[in-house]
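Structure first, commentary second.
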Amino acid sequence: MTAPLYDSLTAFSATNPLRMHMPGHKGIGSGLFSAIAQIDFTEIAPTGNPYTGEGPIAEAEHLCAAYAGTKEALFYTCGSTQGIHTMLLEAVGAGGHLILERGCHKSVYYAMALLDITPHYIYAPSLPDSSLSGPITPEIISNAIEMFPTASAVFLTSPTYYGIITDLTQISAVCHRHGLSLLVDQAHGAHFPALGLPSAPQQGADLSVVSTHKTWPALGSSSILYIGSDRFDKLHVKKSSTIFGTTSPSYPIMASIDYAREQLEQRDGILYRTSANLVHALRDRINCETPFHALVPTDGAMLDPCRLTIDVGCAGLSGYEADTLLQNENIYVEMADERYLVLILTCRDQEAQFNRLWNGITTLSSHCCALNEHRPLPLPPAPVQKLTIRQALFGRQNYIPLKDAAGQISGCILAPYPPGIPILAPGEEITEKHIAYLQKKSYNIEERIAVVSAADNS
């Protein structure tokens, strides 16, 4: 088993080349950056170029494609955002129409603004006895295609931030039967092959993106775009990628993808399956021994085996309160909202980490009040689109307090982050119910927001 990019960078560094090129550190780092600096190169003959597709980078991408069971793979160093923008340019194009689940990441909305894409929203049904959205069904997609015949692609997110998985196999068949491409944000599902779960392209996705830095042992902002069908040519996709990516891609980040894949095919794959078993046991323990409820697959949806979503609201705590209490134990979760905690477990989390987490959860349970259930604020009604996303985001804007914005048109994305799912997109009318909801979910929401006038920007 090899990691061709990682191996080639380390071998070339060992020759002590005279670096008359960037980066400015010239391979000499300090502190914890010393080892990273040694393999931090630029696009020269021995290291290859990710945008031209030769040498060890191409070899590493080929191995990642084989690992995910897909035709082609492209390494990105600007996160899955670069992949999402590339997918929409390739499959929809400027001025096109797109069917998408409303709860997608805000980067999709930015891509639609850049490309002046018209969205046609679909909504996932709620899980039973839960405020969480469940999986999208083939029936929803079929109805949407009939309702919006101008669309050229369908965009879905699976798994969601909360770990809920949509079965894409039948959905892809529906899309292809009607001549539409299926695009999938699988940012949180890069690890699925390690657990024996199908990747998005194995289920028929034409283009999909995974954030390797989220669930692989890879460096931050690393990601992969998978090409799963003959609808899209790798060379053309690669050229589209250059529009949205940096002209100075990070070689350590790309090498970390390559090295992580090699490790997952060896020891880390076994460790991932161990982690999944530990998560399964921890869910049962939480549900049996604490007042909290851990989401389990039997709650109405397939679930990421390594995503731990804990309902603390049923025990009288808000997710924000629970998050603060866990921080007092030096435990930091991925996300907290008004009712839930979301935790990401990977191959790097084994018994010692799980034991420490359990101790934190038991401490947390001593602060609950089961008789005072914390109920989340109901979602506001679907907003009314007054301007296109592009008109509003790039139009003439004014900044006003959120509390005074009722009746105005949003000039920005209003999305608590994480998870970055917009409550209001640019061009949508702001109502009192939207304001109340955003104030309730006030983390990472600015007190003053951008608004636009229809008269000035139509």
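The values are calculated or read from the model by the stated rules, or taken from the named source; none is laboratory data. In this text, all values refer to a predicted model and were calculated from it rather than measured experimentally. With ideal geometry, Cβ positions are generated from the backbone for all residues, glycine too; neighbour counts draw on all protein chains shown.
Miscellaneous remarks
- For segment 320-349, filtered to residues that are surrounded by fewer than 14 Cβ atoms within 10 Å (Cβ to Cβ) and not β-branched (Val, Ile, Thr), the residue that is nearest to Thr160 (Cα to Cα) is Tyr332.
- Restricted to helices (runs of 4 or more DSSP H) entirely inside segment 1-96, those with at least 1 residues that are surrounded by fewer than 18 Cβ atoms within 10 Å (Cβ to Cβ) are 4-14, 34-38, 55-68.
- Note on segment 233-270: residues that are within 17 Å of Gly53 (Cα to Cα), surrounded by fewer than 19 Cβ atoms within 10 Å (Cβ to Cβ), over 21 Å from the mean Cα position of the chain (by Cα) and not small (Gly, Ala, Ser) total 6.
- Within segment 291-302, tally of residues that are surrounded by fewer than 19 Cβ atoms within 10 Å (Cβ to Cβ) and either in contact with a Phe, Trp or Tyr (Cβ under 8 Å, 6 or more places away or on another chain) or touching a residue at least 40 places away in the same chain (Cβ under 8 Å) (or both): 4
- Residue count for segment 18-42, restricted to those that are in contact (Cβ under 8 Å) with a residue 24 or more places away in the chain and not β-branched (Val, Ile, Thr): 4
- Checklist (1) closer than 28 Å to Ala124 by Cα; (2) at pLDDT 95 or above; (3) surrounded by fewer than 20 Cβ atoms within 10 Å (Cβ to Cβ) applied to Pro305, failing item: (3)
- Summed over segment 328-369, residues that are more than 19 Å from the chain's Cα centre (by Cα), modelled with pLDDT of 95 or more and charged (D, E, K, R) total 5.
- Filtered residue count, segment 138-187, keeping only those that are in a loop (DSSP other than H, G, I, E, B), without any contact (Cβ under 8 Å) to a residue 40 or more places away in the chain and among the hydrophobic types (A, V, I, L, M, F, W, C): 1
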